[in-house]
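**Student:** The structure follows.
The values are calculated or read from the model by the stated rules, or taken from the named source; none is laboratory data. In this text the structure is predicted, and so the values were computed from the model without any measurement. Here the Cβ positions follow ideal geometry from the backbone for every residue, glycine too, while neighbour counts run over all protein chains shown.
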Amino acid sequence: MNWLTNKISRLRSGAKRLPAFLGLGRQTAWQEDVNRKLVYSLSPRKIPNRSQLKHLSKFLNPKEYLIVKICALVILANLVYLGIAFITRHIQYTPKIGGTYTEGLVAYPQTINPLYAINRDVDNDLSRLIYSRLFSYDGRGLLAPDLAAGYTVSADNKEYTIKIRSDVYWQDSRKLTADDILFTFNAITNPAYRSPLRTEFGGVTIAKVDEETVKFTLSSPYAPFLDLLTFGILPKNIWENIDPASVALNNLNLKPIGSGPYKFKSLLKDSAGDLKEYHLVASGLYYGPKPYIQNITFRFFPDYPEMISAFNDNQLDGLSYLPFLERPNVLAPDSLVFHELVQPEIVSIFFNDGKNKALADQAVRVALAQALDKDQIIKDIFAGASRRADGPILPTSFAYNPDLKIYGYDPAAASQTITKKPLTLTLTVVDANNNVALANEIKDYWQTAGVKVTLKTVSGEEAAAIIKNRNFESLIYGESVGGDPDVYTFWHSSQIGAGGLNLAGYNNSEADKLLAAARLTTDQAERAADYRKFQDIITADLPAIWLYSPTYTYVQAKNVHGFSGSAIIEPADRFASLAAWYLKTHKKIVW
């Protein structure tokens, strides 16, 4: 420290030798300059360090010190904001492989086998993930190739030649070939297997063209034929030596080998032998997009309250289905995603003029339609969780007519017609879900228009006999119309009577011609034109009031990402986008 003391002394002695004529002010300025030089010589840094900043308050008055602190806080806040903004704009979350998705289902699987799974939703759900099929439905309810790599249709629309993919392997590493498809189809059509799918393929035969090609031959053209080829394919070498009579009881129905995106891993039973959990793992041999979620666990419950309780306790990531009436029992709805998937079903009010002659008058049927505020009814009864219907073909179909006649809510016009033609009417409804609430609201609207309405509620068993015998005046009933716009079964005059599904007894020769023609050609433009003309005719005749299409409510926690879809043909179609679902993410900065 001697050198520092000496330097200070020399500088001070120099200050004492200042000429007197310079005056005191100049001497002070000179001293300040000397002091500044002295400080700089002692510390070459121009920016104060942390220890120096501690003494800042000693050199500033309180107001100056406060201003410095405020400025420092503003600078800090801006740095934090800019940092967050940068991260928000430039960080990217990407799906990461891994995790276990756990879903609850009501009921227990029995036969996870494409020959029989169609009978039970829970079996079909598992079958969909384990087995592949020639065609599947996408998230919009549209048919898309799965195993099929391409197909051709003969000029007479009777032969369908289908080329299958060459990169498909069973989960035991064997290659899937045309022989497996032949075996599965022949098992379906063989009465010994007792498959419920057998009735769909009357008059259809199959032949092998080569190892990767099959040909289906129909006895007559049927445009929706490809929609029938959505059954899972069985491995021939595993099932061919099993007696058809015992197939439904074979252990392979619970521990199957397929060619789908997931394969059987394990299962858990309770002390009574009932399945409690079923575990799947992603198949590394799957030919399609590899799923991010590596494990799927299905947990089975005896009823909805028990399943919802487990969901509320965060034991599940999803509910396979949530009935509308159970919605209030789900806790923390803001932390969930409710996927409302339109189903291929149309709920309508069918008229039977054979039981009530007044209904033969088209003006009366129109008045009954005008008396109903459909949008308000859907809002009141379903809280908007259903989609309005105004015709016999779904709005999601390529054949839907956007210009069809719609009977809007017009209570004045309805009352005017009913006043001229007094009407007494019995409305029949099945006592299930919220059907009775729906019927009561319809009754109120009609009575406001001047109709004397009697409400008749029946059980499901009673409804079957009532429908078969057409023992109703007006009936609220839902019909599943499927993925194809072919509604021949519901509206062609040949389907009138106990053996058919033309519940309203609708008979229009021009409509019959269009329905018959539309199912004979595979040209989509021709079919669409025929169906649009048909819709014009039937909505003018108004043999029924089409009310709504119910939605399938699929619920997932918000930690499940990637779901997409707006419509399903069957519940298992909720898995159409499963390959894109993910639970885990990567973070990375992108510029």
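**Student:** Please work out if residue 221 is at pLDDT 95 or above, more than 31 Å from the chain's Cα centre (by Cα) and not in a strand (DSSP E or B). If you could, list the steps in order and put the result at the bottom.
**Tutor:** On the way: at pLDDT 95 or above: yes; more than 31 Å from the chain's Cα centre (by Cα): yes; not in a strand (DSSP E or B): yes.
When the stated conditions are applied, residue 221 passes them.
**Student:** Of all residues in the range 157-212, how many are assigned to a helix (DSSP H, G or I), within 30 Å of residue 265 (Cα to Cα) and not charged (D, E, K, R)?
**Tutor:** Quick first cut of the range 157-212, residues assigned to a helix (DSSP H, G or I) only: 178-189, 191-193, 198-201.
In the following step, the residues that additionally are within 30 Å of residue 265 (Cα to Cα) were identified as 178-188, 193.
Remaining after also requiring not charged (D, E, K, R): 178, 181-188, 193.
Qualifying residue count for the region: 10.
**Student:** Tell me which of these residue 391 doesn't satisfy, since it passes every other one: (1) crowded, with 18+ Cβ neighbours inside 10 Å; (2) farther than 27 Å from residue 471 by Cα; (3) not aliphatic (A, V, I, L, M).
**Tutor:** Against the list (1) crowded, with 18+ Cβ neighbours inside 10 Å; (2) farther than 27 Å from residue 471 by Cα; (3) not aliphatic (A, V, I, L, M), residue 391 comes up short only on (2).
**Student:** Something else: Between residues in the range 224-238 that are closer than 14 Å to residue 162 by Cα and residues that are surrounded by fewer than 17 Cβ atoms within 10 Å (Cβ to Cβ), which pairs lie under 7 Å by C-beta distance while being six or more apart or on different chains?
**Tutor:** 228/200
**Student:** Within the range 328-335, is there a residue that is in a helix (DSSP H, G or I) and buried (at least 16 other Cβ atoms within 10 Å of the Cβ)? Show your work before the answer.
**Tutor:** Going through the range 328-335, the residues in a helix (DSSP H, G or I) turn out to be 328-329, 333-335.
After this cut, where a residue has to be buried (at least 16 other Cβ atoms within 10 Å of the Cβ) as well, the list is none.
No, the range 328-335 contains no residue that is in a helix (DSSP H, G or I) and buried (at least 16 other Cβ atoms within 10 Å of the Cβ).
**Student:** How many residues are touching a residue at least 12 places away in the same chain (Cβ under 8 Å), more than 17 Å from residue 549 (Cα to Cα) and either not hydroxyl-bearing (Ser, Thr, Tyr) or not assigned by TED's automatic domain parsing to the domain that holds residue 539 (or both) if we restrict to the range 405-415?
**Tutor:** So the count comes out to 6.
**Student:** Could you say whether any residue in the range 342-361 is surrounded by 18 or more Cβ atoms within 10 Å (Cβ to Cβ), modelled with pLDDT under 95 and of a type in the set (A, V, I, L, M)?
**Tutor:** For the range 342-361, residues surrounded by 18 or more Cβ atoms within 10 Å (Cβ to Cβ), modelled with pLDDT under 95 and of a type in the set (A, V, I, L, M): present.
**Student:** Suppose we filter 180, 156, 210, 227 for residues that are closer than 19 Å to residue 570 by Cα and either at pLDDT 95 or above or among the aliphatic types (A, V, I, L, M) (or both); which single one remains?
**Tutor:** Values: 180 fails: closer than 19 Å to residue 570 by Cα; 156 fails: closer than 19 Å to residue 570 by Cα; 210 fails: closer than 19 Å to residue 570 by Cα.
Exactly one of 180, 156, 210, 227 is closer than 19 Å to residue 570 by Cα and either at pLDDT 95 or above or among the aliphatic types (A, V, I, L, M) (or both), namely 227.
**Student:** Further question on the same structure: Which condition number does residue 473 fail, the rest of (1) more than 34 Å from the chain's Cα centre (by Cα); (2) under 28 Å from residue 404 (Cα atoms); (3) without any contact (Cβ under 8 Å) to a residue 24 or more places away in the chain being met?
**Tutor:** Going through (1) more than 34 Å from the chain's Cα centre (by Cα); (2) under 28 Å from residue 404 (Cα atoms); (3) without any contact (Cβ under 8 Å) to a residue 24 or more places away in the chain one by one, residue 473 breaks only (3).
For (1) in a helix (DSSP H, G or I); (2) under 22 Å from residue 517 (Cα atoms), each residue gets a yes or a no:
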residue: 427; (1), (2): no, no
residue: 437; (1), (2): yes, no
residue: 457; (1), (2): no, no
residue: 471; (1), (2): no, no
residue: 485; (1), (2): no, yes
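**Student:** For the range 476-495, does any single residue satisfy the condition of being under 18 Å from residue 357 (Cα atoms) and not hydrophobic (A, V, I, L, M, F, W, C)?
**Tutor:** Of the residues in the range 476-495, the ones under 18 Å from residue 357 (Cα atoms) are none.
So far as the range 476-495 goes, no, none of its residues is under 18 Å from residue 357 (Cα atoms) and not hydrophobic (A, V, I, L, M, F, W, C).
**Student:** Hey, among 186, 119, 190, 157, which residue is under 27 Å from the mean Cα position of the chain (by Cα) and either surrounded by 21 or more Cβ atoms within 10 Å (Cβ to Cβ) or not hydrophobic (A, V, I, L, M, F, W, C) (or both)? Even if it seems obvious, please write down each step before you answer.
**Tutor:** Working: 186 fails: under 27 Å from the mean Cα position of the chain (by Cα); 190 fails: under 27 Å from the mean Cα position of the chain (by Cα); 157 fails: under 27 Å from the mean Cα position of the chain (by Cα).
On inspection, the qualifying residue turns out to be 119.
Yes or no, residue by residue, for (1) at negative phi; (2) touching a helix residue (DSSP H, G or I) at 6+ places or on another chain (Cβ under 7 Å):
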| position | (1), (2) |
| --- | --- |
| 135 | yes, yes |
| 142 | yes, no |
| 147 | yes, no |
| 154 | yes, no |
| 159 | yes, no |
| 173 | no, no |
| 176 | yes, no |
| 185 | yes, no |
| 188 | yes, yes |
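**Student:** So which residues in the range 405-424 are of a type outside the set (A, V, I, L, M), modelled with pLDDT of 95 or more and part of a helix (DSSP H, G or I)?
**Tutor:** 411, 415, 416, 417
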